[in-house]
Amino acid sequence: DKYIKEEKSKEYIKVIIEEVKRLERILNEILSFVKPYPIGKESFKIKGLVDNVINFVESTLKENNNEFKVIVKEDFSVPGNYDKLKEVLLNLISNANEATKDGLITLKIEKADKLPVEIPDIQKEYLLIEVEDTGCGIQKENLKRIFDPFFTTKISGTGLGLAISKRIVEEHGGIIKVESEINKGTIFR
């Protein structure tokens, strides 16, 4: 009887910890959306950021039995905000993982050889970052609203993750785009 009570207590504690983490995540998303602050930029190596992100997401990807493929052909310096760019990568990979079961999620980072027409400044060097999944895809009518604040198709989502990611990318002088096909997958670029 005492053993059963201890096991139940452990389960309750686990649930409480998970809920606190979830609420903290929601609160952080809301705060970083309503109270943006100027981002400091320092140069850092891209592979260091990628390794950090891999360590962070590995166990979650295993929960959905997803394979994670990383393609970073060369290590180069990035003038940007490490923590904010990490937030973008974590958000995109986390979304891909939620949309994908028993599939493949690919993170690809390389120097951009061709810039989208929306970026007029060809004097600077740009990165091409792609997060691709083989998941359920995004409905066409939702694609137009995917970066809108508070728009979400998730039961427990705030609808701020992609809006914040878009803002961070734009603060770095870039743009973010999405392509998706139902039951085939999605690419955030």
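The values are calculated or read from the model by the stated rules, or taken from the named source; none is laboratory data. These numbers were taken from a predicted model, which means no experiment stands behind them. Note that we place each Cβ from the backbone using ideal geometry, even for glycine, and neighbour counts take in every protein chain shown. Just so you know, the surface numbers come from the protein's heavy atoms only, side chains and all, with ligands and any DNA or RNA stripped out. Shrake-Rupley method; radii C 1.70, N 1.55, O 1.52, S 1.80 Å.
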| request: Leaving out ligands and nucleic acids, note down the accessible area per residue over the chain with a 1.4 angstrom probe, in whole Å². | output: 66 Å²
| request: Working from Cα positions, state the angle (0 to 90°, nearest 10) between the long axis of helix 2-34 and the longest principal axis of the chain. | output: 30 degrees
| said: At R0 = 30 Å, how high is the FRET efficiency between residue 170 and residue 24 if r is their beta carbon distance? Nearest 0.05 is fine. | reply: 0.70
| message | 5 Å is the cut-off here: which amide hydrogens, built 1.01 Å from N in the peptide plane, fall below it relative to residue 160, excluding neighbours closer than 5 in sequence? | response | 150
| note | To the nearest 0.05, the calculated FRET efficiency linking residue 47 and residue 17 through their beta-carbon distance, R0 being 35 Å, is 0.60
| query | Within the accessible area of the chain, what % is carbon and sulfur when the probe is 1.4 Å and the other protein chains stay in place? | reply | 54 percent
| request: Please check which bits of the stretch 93-132 a label hung off residue 65 would reach, taking the label as a point 7 Å along Cα-to-C-beta and the cut-off as backbone N under 14 Å. | output: 100-104
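How big is the equivalent ellipsoid of the stretch 134-189 along its three axes, where each semi-axis is √(5λ) from the Cα gyration tensor, reported in whole Å from largest to smallest?
Values: eigenvalues 74, 44, 15 Å².
They are 19, 15, 9 Å, listed largest first.
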| Normalised contact order of the chain, rounded percent, pairs of Cα under 8 Å and 6 or more residues apart | 21 percent
| Area accessible to solvent at residue 53, 1.4 Å probe radius, in Å² | 0 Å²
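Restrict the search to the stretch 87-189; then list the GluC sites (Glu not before Pro) that DSSP places in a loop and that have at most 10 other Cβ atoms within 10 Å of their Cβ.
Working: sites: 87, 98, 110, 118, 125, 130, 132, 141, 170, 171, 179, 181; in loops: 118, 125.
Answer by residue number: 118.
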| Against the longest alpha carbon principal axis of the chain, how many degrees, from 0 to 90 and to the nearest 10, is the axis of helix 82-99 turned? | 60 degrees
| query | Once label points are set 7 Å from the Cα along Cα→Cβ at both residue 179 and residue 72, what is their separation, rounded to one decimal in nm? | reply | 2.4 nm
| said: How much length would be gained if the chain were fully extended between residue 8 and residue 115, taking 0.36 nm per residue of separation minus their Cα-Cα distance, in nm to one decimal? | reply: 32.9 nm
| For the chain, diffusion coefficient by Stokes-Einstein and Kirkwood Rh (Cα), 10 °C, 1.306 mPa s, µm²/s | 88 µm²/s
| request: For the stretch 107-176, state which trypsin sites (Lys or Arg not before Pro) are in a DSSP loop and have at most 16 other beta carbons lying within 10 Å of their beta carbon. | output: 114, 124, 144, 145, 154
| query | If you wrap a convex hull around the Cα atoms of the stretch 99-177, how much volume per residue is inside, in Å³? | reply | 115 Å³
| query | Hey, what did the stretch 99-189 get for relative contact order, percent, Cα under 8 Å, at least 6 apart? | reply | 32 percent
| message | Please list, in order along the stretch 44-59, the HN-Hα scalar couplings obtained from phi with the Karplus expression 6.51 cos²θ - 1.76 cosθ + 1.60 (θ = phi - 60°), rounded to whole Hz, x for Gly and Pro. | response | 9, 7, 5, 5, x, 5, 4, 4, 4, 5, 4, 4, 6, 9, 3, 5
